[in-house]
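See structure below.
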Amino acid sequence: MAVNISYQGCKHELQDGETILDGLLRHGQDMPSSCKAGACQSCLMQAHDGNPGSKAQIGLKDTLKAQNFFLACQCIPNEDLKVSLPSLADTTIPAEIIGKEQLCHNVIALRLKPSADFPCRAGQYINLLNESGSVIRSYSVANLSEQDGFLELHIRRIDNGTMSVWACDTAKEGDQVHIRGPAGECFYVAADGDKSFPILLAGTGTGLAPLEGVVLDALAQGHTGDIRILHGALSEHDLYHVDMLKELAKLHKNLTYTPCVLNMKHDKEGFHTGPLDQFVMHIMEPLDKKTLHTYFCGAPEMVNLLKKKVFLAGVASKNIFSDPFLMKH
Ligand SMILES: Cc1cc2nc3c(=O)[nH]c(=O)nc-3n(C[C@H](O)[C@H](O)[C@H](O)COP(=O)(O)OP(=O)(O)OC[C@H]3O[C@@H](n4cnc5c(N)ncnc54)[C@H](O)[C@@H]3O)c2cc1C
Ligand code: FES
């Protein structure tokens, strides 16, 4: 029997196997969404009647689950549901832009001061909403926000991208935004208090943001094991924070940082030239695979390739943390 979704006073019939997000979009509703893969939480909705199912609640905070919130892109309901979009007041808090810095030709750092307590682990991601709440995108937290008193995001400008073009070209200090979250499991964990295991982190582009967050957290918590961070880019001018990470590595003898450039005209000291995945496997060789924790973030194809390669090389799946930056198709 066909399932009906009541939304804003109208009933919309879903096709067989159709998600609520796709169904409402097909019926002409303007729905916030981005990845359509359960990774960004921008399609959050609330069910008032009926059960959205636990699969549509994977990754949500317990407080949201308890109030019947769910991800519309993951919800293929078995029964009729009455649903709404969350109000800004219920699920977000205002934040002020207190700083903006150009990190390289197409990446900015955006610093946000939340208007209320916003507990967050470095490396997790938050949802950034425009003023009306109609555009929602995810960005990873690159700093120790509770210690610093602000959240730092690294945002890459995507040509014609709704949020990233606004953030890079228009947003200015003093502007107000809304934030929701945090979410995601890409953060430092000292399992059973042990801080001596090796950590390998690799990412492309702004995938550096969560990796930098994890490194800063690990160092702040006194991690003693090897930490190796690799940042991949197509060309040298796509890299950022090179000097900052080199300085950090000088201060901590267990930290090494290597920028990896795919297309470098001439070899340069301290830089690796060639594909990131091959270099990750090379760097991993001497590390103890049984205890190694790996973190991969950024371009989804690279993240998935690295996850597969390190798993096949013997790293336990529970020790492989990742955030593929899935975007709108
Ligand atoms: C968990 C998570 C964490 C994330 N963290 C970050 C982060 O820390 N920093 C960051 O910059 N982004 C991050 N992203 C991506 C971010 O959420 C947005 O998707 C991105 O900023 C684009 O949004 P937009 O509104 O500017 O573009 P949209 O309006 O959503 O449009 C994007 C369009 O660009 C096109 N496109 C897709 N990929 C590319 C590409 N590689 N190059 C050019 N065009 C493309 C597509 O056609 C798509 O329609 C993250 C995503 C996820 C899921
Ligand atoms: S989680 Fe549903 S659109 Fe990203």
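The values are calculated or read from the model by the stated rules, or taken from the named source; none is laboratory data. Keep in mind the model is a prediction, meaning the values are calculated, not measured. With ideal geometry, Cβ positions are generated from the backbone for all residues, glycine too; neighbour counts draw on all protein chains shown. Heads up: the accessible areas ignore ligands, DNA and RNA and are worked out on the full protein's heavy atoms, side chains in. Shrake-Rupley method; radii C 1.70, N 1.55, O 1.52, S 1.80 Å.
Return the residues of the stretch 87-123 that are over 19 Å from His241 (Cβ atoms) and of a type in the set (D, E, K, R); say none if nothing qualifies. Before you say what the answer is, go through the steps one by one.
Initial filter on the stretch 87-123 (over 19 Å from His241 (Cβ atoms)): 87-98, 113-121.
Listed by number, the residues that qualify are Asp90, Glu96, Lys113, Asp117, Arg121.
Under 21 Å from the mean Cα position of the chain (by Cα), without any contact (Cβ under 8 Å) to a residue 60 or more places away in the chain and buried (at least 21 other Cβ atoms within 10 Å of the Cβ): is that true of Pro259 in this structure?
Details: under 21 Å from the mean Cα position of the chain (by Cα): yes; without any contact (Cβ under 8 Å) to a residue 60 or more places away in the chain: yes; buried (at least 21 other Cβ atoms within 10 Å of the Cβ): yes.
Criteria met by Pro259.
Name the pairs: first residue in the stretch 98-113 and of a type in the set (Gly, Ala, Ser), second residue assigned to a strand (DSSP E or B) and open to solvent by less than 70 Å² (accessible area, probe 1.4 Å), Cβ to Cβ under 6 Å, at least 6 apart or on different chains?
Listed pairs, sorted by first residue: Gly99/Arg111; Ala109/Leu103; Ala109/Glu152; Ala109/His154.
Kindly check whether there is at least one residue in the stretch 217-236 that is among the basic types (Lys, Arg), at pLDDT 95 or above and over 19 Å from Ser322 (Cα atoms).
No.
Suppose we filter the stretch 133-168 for residues that are closer than 16 Å to Ala109 by Cβ, within 11 Å of ligand 1 (Cβ to nearest atom), part of a loop (DSSP other than H, G, I, E, B) and open to solvent by 10 Å² or more (accessible area, probe 1.4 Å); how many remain?
Count: 1.
Among the residues of the stretch 298-329, write down those that are touching a Pro at 6+ places or on another chain (Cβ under 8 Å) and more than 16 Å from ligand 2 (Cβ to nearest atom).
If we filter the stretch 298-329 for residues that are touching a Pro at 6+ places or on another chain (Cβ under 8 Å), which is where we start, we get 298-300, 303-304, 323-326.
Across the stretch 298-329, the qualifying residues are Gly298, Ala299, Asn304.
Working only within the stretch 189-209, note down all residues that are in contact with a strand residue (DSSP E or B) (Cβ under 6 Å, 6 or more places away or on another chain) and among the polar types (S, T, N, Q).
Residues satisfying the conditions are Thr204, Thr206.
Given the conditions (1) farther than 17 Å from Phe325 by Cβ; (2) touching an Asp or Glu at 6+ places or on another chain (Cβ under 8 Å), and given that Asn106 satisfies all but one, which numbered condition is not satisfied?
For Asn106, the failing item is (1).
Got a number for residues in the stretch 64-89 being within 17 Å of Ser42 (Cβ to Cβ) and under 24 Å from the mean Cα position of the chain (by Cα)?
Counting residues in the stretch 64-89 that are within 17 Å of Ser42 (Cβ to Cβ) and under 24 Å from the mean Cα position of the chain (by Cα) gives 12.
Please pick out the residue among Leu129, Leu112 that is away from ligand 1 (no atom under 11 Å from the Cβ), within 25 Å of Asp30 (Cβ to Cβ) and in contact with a strand residue (DSSP E or B) (Cβ under 6 Å, 6 or more places away or on another chain).
Result of the check over Leu129, Leu112: Leu129.
Find the residue count for the stretch 191-218, including only residues that are open to solvent by 30 Å² or more (accessible area, probe 1.4 Å) and of a type in the set (A, V, I, L, M).
Qualifying residue count for the region: 2.
Within the stretch 1-51, which residues are part of a loop (DSSP other than H, G, I, E, B), surrounded by fewer than 16 Cβ atoms within 10 Å (Cβ to Cβ), in contact (Cβ under 8 Å) with a residue 24 or more places away in the chain and not small (Gly, Ala, Ser)?
Passing the criteria: Gln8, Asp30, Asn51.
List every residue pair whose Cβ atoms lie under 6 Å apart, where the two residues are 6 or more positions apart in sequence or sit on different chains, the first residue falls within the stretch 60-84 and is within 23 Å of Gly184 (Cα to Cα), and the second residue, located anywhere, is assigned to a helix (DSSP H, G or I) and within 16 Å of ligand 1 (Cβ to nearest atom).
These pairs meet every condition: Ala72/Leu21; Cys73/Leu21.
Counting only residues that are part of a helix (DSSP H, G or I) and near ligand 2 (Cβ under 9 Å from one of its atoms), which one in the stretch 52-89 is surrounded by the fewest Cβ atoms within 10 Å (Cβ to Cβ)?
Here is the first cut: in the stretch 52-89, the residues part of a helix (DSSP H, G or I) are 54-57, 62-66, 72-74, 88-89.
Then drop every residue that is not near ligand 2 (Cβ under 9 Å from one of its atoms), which leaves 72-74.
Values: Ala72: 26, Cys73: 25, Gln74: 21.
Ranking the qualifying residues of the stretch 52-89, first place goes to Gln74.
What do you reckon, is Glu173 touching a residue at least 24 places away in the same chain (Cβ under 8 Å), in contact with a strand residue (DSSP E or B) (Cβ under 7 Å, 6 or more places away or on another chain), open to solvent by 10 Å² or more (accessible area, probe 1.4 Å) and part of a loop (DSSP other than H, G, I, E, B)?
Details: touching a residue at least 24 places away in the same chain (Cβ under 8 Å): yes; in contact with a strand residue (DSSP E or B) (Cβ under 7 Å, 6 or more places away or on another chain): yes; open to solvent by 10 Å² or more (accessible area, probe 1.4 Å): yes; part of a loop (DSSP other than H, G, I, E, B): yes.
Yes; evaluated as a whole, the condition is true for this residue.
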